[in-house]
Each structure stands twice: as structure tokens, then as C-alpha cells.
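> Below: one structure in C-alpha cells.
The values are calculated or read from the model by the stated rules, or taken from the named source; none is laboratory data. Keep in mind the model is a prediction, meaning the values are calculated, not measured. Backbone-built Cβ (ideal geometry, glycine too); neighbour counts: all protein chains shown.
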Amino acid sequence: MTFDPTRLWAVARKEAIQLRRDPRSLMLAFLLPAMLLLLFGYAITWDLRDIPTVVCDQDLSARSRGLCDALRASGYFTRVANLSGPREIAPWLERGHARMALIIPPDFAENLDAGRSAPLQAIVDGSDANTATITIAYTQAIVATFAARIVPPGLTPAPPIRVQSRIWYNEELASRNMIVPGLVAVIMMIIAAMLTSLTISREWERGTMEQLIATPVTRAEVIVGKMLPYIAIGLTDVAIGSLLGVIVFHVPFRGSVLLLGVLSLAFLVGSLGLGLMISAGSRSQLMAMQLSMMTTYLPAYLLSGFMFATELMPRALRLLTHLIPARYFIVVTRGIFLKGVDARVLWPQGLAMIAYALLGITLAIRAFRKELR
């Protein structure tokens, strides 16, 4: 595979001029990634706050009020109504006006003061299993803290084993710290494939492919030349996305900028090659766009580990996720952002990115034909 620098530069310059004359492609290249990062960064979160809660306090004691105050002070729960009896709970949960109902029995304070177990009942809307699980965990943690604070000293012996937890890398347990670096990977794969999926098919629709075929440029020079302007755009988008993550979402960046840039380059080359392969096989920009969305958006969003943990998927899907390039790049972005790891840790993902880049270029060159059909 030989390259003539003059011909390669001519193809790259031609593609850059076409991009400059197409405002829609420029908006897709620069504005859309930033908009998607801001939109998804704010919209996608697993942090639950202000969970609407109704309370049926049948004890009306200082103890029960203290428990309700502990729930409110945590910031996770917001009391939306006080109910006089358990029969009033169902309408609140059915209409979605409340996510949890807390029932405090009449003998709550009496049992606590006597050193007996004081049961509570929390009824949670389980229509959203993830929200219900987190709500139950929050409730149990707050009640356990409240119970430990009010038990008289010496009444209950201290447990023989005490566990102290320390959280690394995401000390705040903020979901944005996990989501935003993953978004950079997912958005770049989608945008890169979408941008280049229109390049060759656009030549056919505009009637300029015949002129390109008549030139002495080789297939490899066409593919690589068309790819060069988008590499510059992609690296710029990665930089913008990283800055937005750090400045707007306050995601920590603890790793190497150079390592992120090198691995981003390999990932972009592979994604751009995938888009060019799709474009080479399509005469229509509409068809190329649809194919790129089907082959990049859904796999990158659902099977990369961005939204759903791959370890929890069925075995067949777990095996399939190893074919999703975004899976490896998400490990890279999260590792560099949050953990500050270097190439000694990320070398398997680095090899995967290099293999992806070589495969993308090879498939694009093989799919492109300098001939009229």
C-alpha cells in the first residue's frame, strides 16, 4: 500500500473544501457532539434525589418525628403527604404521585424505649425496578443510622466486627462521573461513523465520482485522504467533550492527555473507516445514514457497557459485547478520567483500538471500487 503525498493531500483538501461548503455537516461535526454530551450528561443519571414519599405516622411521637426528620435531612426523600391510615396509600402509588410509603406503627416509640425491636414498613413502587432497589437501599441505610444513634449505650453490645468502607476513584458516588466519560466514547463512535458514511455516497449523488475515478489516485489514497479532515474534527470533538466534562460536570481528570489523544486517534480511525465502508457500499446518503445508525448507535449505546453492565447480560450477549469497539474505548476514557491509569494498565484496550483502526481502514479500502457500476 503506497501513498503519494501530493495525491493524498489533494484528496484531503478536496474533502475539507466540501465540508466547508456544507454547513449541515459542520454542525453535525462540531455542534451535535457538544449538544449530545450536555443533553445526556444532564438527562441521564442514576442519582436519586427528592424521592416523593408519603408517611403514615400512627405513633405521632418524638421518636417517629425524629425518623421522619432523618429521612428528610438526607436529601433523598421529600414528604409529599401525611396519611391517616394505610388504606390511603394505594391511590398515591397508583397515580405515581409517590414512590414510597412509610408506615410507622402506634407502638414504635414504646418498643424503642423498652429496648425491643420496632418494626417499620416501607412500601415501594416496584414498576421501575432500578429506582425501587435504590430507594430500599437508601431507606435501610438511613433507618440503620437512626437506630444506631438512639440506642442507649450499653443496651446493645457492639458488634465484634466493624467494617469501614473507603470509596476510590468516584468518592462522591456521582453517576455523572461514570456517565460523562462513557458519553465521550459513545458519541464519538456515532458521530465519526455518521460523518464519513456520507462522503462517498455524496460523490455519487453529486455526480463527482466519475471525475474522481478518472484521476490517478489509488483506492487507499482516496480512503485515507477523505479520512484526514475528519480525524482533525474528531480529535477536536474529544478535546471539547473532555473540557465540558471537567468544567461543566466537574468530572475529575487524573490521567494523561497524551495517552487519551493517542488512543482516541486509533478509535477514531477505526470508526471513520467503518463509516467509509458503509458509504462505499451505498449510492444514497439516506441509506448510508440509516446503516451507520443501525451499526453504531444501538450497539454502542446498549452493548458497550455504557448503560448496562456487560457482566449482568446473558452469556450470548456478553460474548457479543467483545465485538463492540466502544466497549474498549469506554474502559479507556473512564480509566484515564477517574483512575489516572497509564499504558501499563490500558495496553489490552490499546491493542484493541489499534486492531480496530487497521480493520476499519482495510474494510473501507476493500469496499471502495474505482469503477462505474
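> Please name all residue pairs, on different chains or six or more residues apart, with Cβ atoms under 7 Å, provided the first residue is in segment 172-184 and is surrounded by fewer than 16 Cβ atoms within 10 Å (Cβ to Cβ) and the second residue is modelled with pLDDT under 85.
Between residues of segment 172-184 that are surrounded by fewer than 16 Cβ atoms within 10 Å (Cβ to Cβ) and residues that are modelled with pLDDT under 85, the close pairs are Leu173/Ile167; Ser175/Thr45; Ser175/Trp46; Ser175/Asp47.
Yes/no per residue for (1) in a helix (DSSP H, G or I); (2) at negative phi; (3) modelled with pLDDT of 80 or more:
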site	(1), (2), (3)
Ser25	yes, yes, no
Leu28	yes, yes, no
Leu31	yes, yes, yes
Leu36	yes, yes, yes
Gly41	yes, yes, yes
Asp47	no, yes, no
Thr53	no, yes, yes
Asp59	no, yes, yes
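> Being in contact with an Asp or Glu (Cβ under 8 Å, 6 or more places away or on another chain) and part of a helix (DSSP H, G or I) is the filter here, so list the residues in segment 317-373 that pass it. It would help to see each step written out before you state the result.
Step one: list which residues in segment 317-373 are in contact with an Asp or Glu (Cβ under 8 Å, 6 or more places away or on another chain), which gives 318, 372.
Residue satisfying the conditions is Arg318 alone.
> What's the number of the only condition in (1) loosely packed, with under 13 Cβ neighbours inside 10 Å; (2) in a helix (DSSP H, G or I) that Ala16 fails to meet?
(1)
> Only one residue in Glu88, Glu94, Glu15 is charged (D, E, K, R) and within 30 Å of Leu272 (Cα to Cα), so which one is that?
Values: Glu88 fails: within 30 Å of Leu272 (Cα to Cα); Glu94 fails: within 30 Å of Leu272 (Cα to Cα).
Answer to the check: Glu15.
> Further question: Quick check: anything in segment 308-330 among the hydroxyl-bearing types (Ser, Thr, Tyr), surrounded by 16 or more Cβ atoms within 10 Å (Cβ to Cβ), within 14 Å of the chain's Cα centre (by Cα) and modelled with pLDDT under 85? Don't jump to the end; show me each part of the working.
In the first step, residues of segment 308-330 are kept if they are among the hydroxyl-bearing types (Ser, Thr, Tyr); the result is 310, 321, 328.
Next, from what is left, pick out any that are surrounded by 16 or more Cβ atoms within 10 Å (Cβ to Cβ): 310, 321, 328.
From what's left, within 14 Å of the chain's Cα centre (by Cα): 310, 328.
Next cut, modelled with pLDDT under 85 only: 310.
Yes, segment 308-330 contains a residue that is among the hydroxyl-bearing types (Ser, Thr, Tyr), surrounded by 16 or more Cβ atoms within 10 Å (Cβ to Cβ), within 14 Å of the chain's Cα centre (by Cα) and modelled with pLDDT under 85.
> So, in segment 201-255, exactly how many residues are in contact with a helix residue (DSSP H, G or I) (Cβ under 9 Å, 6 or more places away or on another chain) and not in a helix (DSSP H, G or I)?
13
> So, one more: Look through segment 331-346, keep the residues that are more than 19 Å from Met189 (Cα to Cα) and not aliphatic (A, V, I, L, M), and return whichever of them is surrounded by the fewest Cβ atoms within 10 Å (Cβ to Cβ).
Arg344
> Okay, moving on. Consider segment 48-79. How many of its residues are more than 19 Å from Ala137 (Cβ to Cβ) and either touching a residue at least 60 places away in the same chain (Cβ under 8 Å) or under 30 Å from the mean Cα position of the chain (by Cα) (or both)?
2
> If you go through segment 286-308 one residue at a time, how many are under 21 Å from Met178 (Cβ atoms) and of a type in the set (A, V, I, L, M, F, W, C)? Reasoning before the result, please.
To start, the set of residues in segment 286-308 that are under 21 Å from Met178 (Cβ atoms) comprises 297-308.
Those left that are additionally of a type in the set (A, V, I, L, M, F, W, C): 298, 300, 302-303, 306-308.
Adding up the residues that qualify gives 7.
> Another one. Kindly provide the set of residues from segment 234-258 that are surrounded by fewer than 17 Cβ atoms within 10 Å (Cβ to Cβ), free of Cβ contacts under 8 Å to residues at least 60 places away in the same chain and touching a Phe, Trp or Tyr at 6+ places or on another chain (Cβ under 9 Å), ordered by number.
Val246
> Right, something else. What do you reckon, is Thr296 more than 30 Å from Gly207 (Cα to Cα), β-branched (Val, Ile, Thr) and under 20 Å from the mean Cα position of the chain (by Cα)? Spell out how you get there, then give the answer.
Values: more than 30 Å from Gly207 (Cα to Cα): no; β-branched (Val, Ile, Thr): yes; under 20 Å from the mean Cα position of the chain (by Cα): yes.
Answer is no for this residue.
> Could you check Gln349 against (1) free of Cβ contacts under 8 Å to residues at least 40 places away in the same chain; (2) under 20 Å from the mean Cα position of the chain (by Cα) and say which number it fails?
Gln349 satisfies every listed condition except (1).
> Hey, another quick one. Going residue by residue through segment 284-304, is there one that turns out to be modelled with pLDDT of 85 or more and surrounded by fewer than 23 Cβ atoms within 10 Å (Cβ to Cβ)?
Of segment 284-304, the ones modelled with pLDDT of 85 or more are 303-304.
Filter again for surrounded by fewer than 23 Cβ atoms within 10 Å (Cβ to Cβ), leaving 303.
There is at least one residue in segment 284-304 that is modelled with pLDDT of 85 or more and surrounded by fewer than 23 Cβ atoms within 10 Å (Cβ to Cβ).
> crowded, with 20+ Cβ neighbours inside 10 Å, in a helix (DSSP H, G or I) and in contact with a Lys or Arg (Cβ under 8 Å, 6 or more places away or on another chain): which single residue out of Leu272, Leu276 fits that description? Please lay out each step first, then the result.
Values: Leu272 fails: in contact with a Lys or Arg (Cβ under 8 Å, 6 or more places away or on another chain).
Step by step, each of Leu272, Leu276 is checked, and only Leu276 is crowded, with 20+ Cβ neighbours inside 10 Å, in a helix (DSSP H, G or I) and in contact with a Lys or Arg (Cβ under 8 Å, 6 or more places away or on another chain).
> Being under 27 Å from Ser201 (Cβ atoms), of a type in the set (Gly, Ala, Ser) and touching a Gly at 6+ places or on another chain (Cβ under 6 Å) narrows it down to one of Ala29, Ala34, Ala16, Ala12, so name that one.
Numbers: Ala29 fails: touching a Gly at 6+ places or on another chain (Cβ under 6 Å); Ala34 fails: touching a Gly at 6+ places or on another chain (Cβ under 6 Å); Ala16 fails: touching a Gly at 6+ places or on another chain (Cβ under 6 Å).
Answer to the check: Ala12.
> Taking the stated definitions as given, is Ile324 of a type in the set (Val, Ile, Thr), touching a residue at least 40 places away in the same chain (Cβ under 8 Å) and touching a helix residue (DSSP H, G or I) at 6+ places or on another chain (Cβ under 6 Å)?
Working: of a type in the set (Val, Ile, Thr): yes; touching a residue at least 40 places away in the same chain (Cβ under 8 Å): no; touching a helix residue (DSSP H, G or I) at 6+ places or on another chain (Cβ under 6 Å): yes.
For Ile324, the condition - of a type in the set (Val, Ile, Thr), touching a residue at least 40 places away in the same chain (Cβ under 8 Å) and touching a helix residue (DSSP H, G or I) at 6+ places or on another chain (Cβ under 6 Å) - is not met.
> Give the residue, chosen from Leu102, Leu93, that is within 18 Å of Ile136 (Cβ to Cβ) and surrounded by 20 or more Cβ atoms within 10 Å (Cβ to Cβ).
Working: Leu93 fails: surrounded by 20 or more Cβ atoms within 10 Å (Cβ to Cβ).
None of the other options fit; the residue is Leu102.
> List the helices (runs of 4 or more DSSP H) inside segment 82-152, counting only whole elements, that have at least 2 residues being touching a helix residue (DSSP H, G or I) at 6+ places or on another chain (Cβ under 9 Å). Break it down into steps so the answer makes sense when it comes.
Numbers: elements: 89-94, 108-113, 129-150.
Once the helices (runs of 4 or more DSSP H) in segment 82-152 are filtered for at least 2 residues that are touching a helix residue (DSSP H, G or I) at 6+ places or on another chain (Cβ under 9 Å), what remains is 108-113, 129-150.
> Where the second residue is part of a helix (DSSP H, G or I) and among the small types (Gly, Ala, Ser) and the first is more than 21 Å from Pro5 (Cβ to Cβ) and lies in segment 203-225, which pairs have Cβ atoms under 9 Å and are six or more apart or on separate chains?
Glu203/Ser279
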